[in-house]
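Asks: Let me give you the structure first, and then I'll get to my questions.
Readers should treat all values here as calculations from the given coordinates under stated rules, not as data from a laboratory. Worth saying up front: this structure is predicted, and the values here are computed from it rather than measured. Neighbour counts run over all protein chains shown; Cβ positions are idealised from the backbone, glycine included.
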Amino acid sequence: MRDETGWSFATVPSTTPALPREVFRAIARPVTKPYGGRLLDHIHGTPIKRDHIVELVERIFGRVPGDADTLEFADVNDFVFLIESGGDRRLRLWIEGREVDQIGGKYEQFLLKHLCRNPETVAPGRRLETSVPGLKNASAAAGKVQAAMGKVLPRSENWLRTDPICWAQGVRPKQIFAPPGK
């Protein structure tokens, strides 16, 4: 509901009949998210202002949103990692339940362990080589990881950037503590 103070919302069962304004105001919470009120204005306009919605979304992201920015990505593209206990503590990676092979090399492992534990990392390969103990040939290692991910899901090859080395915007693997399906 919109009034002179802005948009408010309330969560009620779908079978609830329309609420009187006074009851709604008593249970409603204001929309406080940045851009929330403007987005609701565009959605509830007659007709819906689709072009304005697209423009607002592009402004929020600072670019045209990519696949990784969609709800479909969040629902479908399960991207997880596991660091094994014991011995060499190897990192394993899965995309949509399928394990990524060919990431067991020493430098790929150093790189992935760092990026998965520190997903906000954005750095050129040379800087990573000086800050991550044991890592050498960071750019080559990133390229090998990209290729291995692409074999599992072709578009996932773009989830790891190489110049600078970082995860693509909106891409963050989640840590798990047991292999998927176990």
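Asks: I need the P(r) histogram for segment 2-65: all alpha carbon pairs, bin width 5 Å from 0 out to the longest distance, whole percents.
Replies: Answer for segment 2-65: a P(r) of 3, 15, 21, 19, 19, 12, 8, 3, 0 percent.
Asks: Ranking Leu135, Leu112 by Cβ neighbours within 10 Å, fewest first, what do you get?
Replies: So the ranking, lowest neighbour count to highest, is Leu135, Leu112.
Asks: Given a Förster radius of 22 Å and the C-beta distance between Thr46 and Met1 as r, what FRET efficiency does 1/(1 + (r/R0)^6) yield to the nearest 0.05?
Replies: The computed FRET efficiency comes out at 0.85.
Asks: Say we join alpha carbon atoms closer than 10 Å with springs in a Gaussian network model of the chain; which of Ala168, Ala141, Ala26 then has the biggest fluctuation?
Replies: Answer for the Gaussian network model of the chain: Ala26.
Asks: Report the full-extension gain for the segment Arg98 to Asp163: residue separation times 0.36 nm, less the Cα-Cα distance, to one decimal in nm.
Replies: 20.7 nm
Asks: Hey, got a sec? Which GluC sites (Glu not before Pro) in segment 101-148 land in a DSSP loop and have at most 14 other Cβ atoms within 10 Å?
Replies: Glu120
Asks: Which residues' amide hydrogens lie under 5 Å from the amide hydrogen of Leu160, considering only partners 5 or more residues apart or on another chain, with H built in the peptide plane?
Replies: Sorted by chain and number, the residues that satisfy this are Ala168.
Asks: For the chain, modelled as a Gaussian network with Cα springs under 10 Å, which listed residue fluctuates most, Lys151, Lys33, Lys113?
Replies: Highest fluctuation of the listed residues: Lys33.
Asks: How long, wide and thick is segment 49-171, going by the Cα atoms along their three principal axes, in whole angstroms, largest first?
Replies: Here the spans come out as 57, 31, 22 Å, largest first.
Asks: Quick check: convex hull of the Cα atoms in segment 139-182, volume per residue, rounded to a whole Å³?
Replies: Dividing the Cα hull volume of segment 139-182 by its residue count gives 93 Å³.
Asks: When ranked by the protection proxy of mean other Cβ atoms within 10 Å per residue, highest first, what sequence do the peptides 158-165, 16-23 form?
Replies: Descending packing order for the listed peptides: 158-165, 16-23.
Asks: Additional query: Whole-Hz Karplus ³J(HN,Hα) for segment 143-151, in order, using 6.51 cos²θ - 1.76 cosθ + 1.60 and θ = phi - 60°, x for Gly and Pro?
Replies: Taking θ as phi minus 60°, the curve returns x, 5, 5, 3, 4, 5, 5, x, 6 Hz for segment 143-151.
Asks: Just the C-alpha atoms of segment 99-166: what Rg/Rh do they give, with Rh taken as the Kirkwood radius?
Replies: In segment 99-166, Rg relative to Rh is 0.93.
Asks: What ranking of His42, His114 emerges when the number of other C-beta atoms within 10 Å of each C-beta is taken as an exposure proxy, fewest first?
Replies: His42, His114
Asks: Going by how many other Cβ atoms sit within 10 Å of their own, how do Met1, Met149 line up, fewest first?
Replies: Met1, Met149
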